[in-house]
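Chemist: Encoded as structure tokens, here's the structure I'll be asking about.
The values are calculated or read from the model by the stated rules, or taken from the named source; none is laboratory data. None of the values given here were measured: they were computed from a predicted structure. Heads up, the Cβs are rebuilt from the backbone with ideal geometry, glycines too, and the neighbour counts pull from every protein chain shown. What goes into the accessible areas is simple: the full protein's heavy atoms, side chains included, and nothing from ligands, DNA or RNA. Shrake-Rupley method; radii C 1.70, N 1.55, O 1.52, S 1.80 Å.
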Amino acid sequence: MLRNVAMVAVVALLLAAATAGAQSLLDGGDIKNNSLTGKDIRKGSIQVSDLSRRARNALRGARGPQGVQGVQGVQGVQGVPGPAGAHGATGAAGTTDVFYVDGAVVQVQAGQFDIVFAFCPTGSVATGGGSFGPATELDFITLYGFGVAADGTILIVQNEDPVNPQPAQARVACARR
């Protein structure tokens, strides 16, 4: 039994000496340059932070193409109203006292076109027109065009009566300035 105990003690002593000797035998200076390969390095033992800056820059590839446009986002929340704007300048005086002026009665010959006028008096402005005055024979006179200018109106009319002349009259709406 004593012999077994002595044997165990000797084996333990030899193992401790071998381990200590192996740890003191090898260091980085003892490894020949370019002798280690990828098979010699354990997976996950080298991190990006362990690499030199030059090696890290070499790992970057070329920039890829731009991606597709993303979907439009949802409508944002309504903002608070801004302050009221400055009060505007007072506008020019408007027109007053709207009234109608009937032009002269024109006898339009049978089957013919003619022009009839109505003008506002001085100091007033035309605000509308293009209608017939009370003397117009509406059964036979047809309006083909009209225009309103600052001082009156003009009508282009046709008498559709094939035999008789018919009266036509222009009317303009005027307002005093």
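Chemist: Rank Val80, Val98 by accessible area, highest first, at a 1.4 Å probe radius?
Modeler: In descending accessible area the options line up as Val80, Val98.
Chemist: Ok, one more. Which order do the peptides 61-70, 147-156 come out in when sorted by mean C-beta neighbours inside 10 angstrom, highest first? Walk me through the numbers before you get to the answer.
Modeler: On the way: 61-70: 5.7, 147-156: 16.6.
By packing density, highest mean first, the sequence is 147-156, 61-70.
Chemist: Note down the accessible area of Tyr144, probe 1.4 Å, to the nearest 10 Å².
Modeler: Roll a 1.4 Å probe over it and Tyr144 shows about 120 Å².
Chemist: Suppose a student asked you for the relative contact order of region 38-171, using Cα pairs under 8 Å spaced at least 6 residues apart; what percent would you report? The partial results should precede the final answer.
Modeler: On the way: 197 pairs, mean separation 33.8, N = 134.
Contact order relative to length: 25 percent.
Chemist: Between beta-carbons, use under 11 Å as the cut-off and find the net charge around Phe140, counting Lys and Arg +1, Asp and Glu -1. Provide the component values of the computation, followed by the final result.
Modeler: Values: positive: none; negative: Glu137, Asp139, Glu160, Asp161.
Charge balance in the 11 Å sphere: -4.
Chemist: Related question: Using θ = phi - 60° and the Karplus curve 6.51 cos²θ - 1.76 cosθ + 1.60, what whole-Hz ³J(HN,Hα) does each residue of region 135-145 get, with Gly and Pro shown as x?
Modeler: Using θ = phi - 60°, the values come out as 7, 6, 8, 5, 6, 10, 8, 10, 7, 10, x Hz.
Chemist: May I pose another question? What percent of all Cα-Cα pairs in region 41-177 falls in each 10 Å bin, counting up from 0?
Modeler: 10, 20, 12, 8, 7, 9, 8, 5, 6, 8, 5, 1
Chemist: Okay, moving on. Only residues of region 112-148 count here: report those whose backbone N is under 16 Å from the spot 7 Å along Cα→Cβ of Asn164, or say none.
Modeler: The answer is 112, 135-142, whose backbone nitrogens lie closer than 16 Å to the label point.
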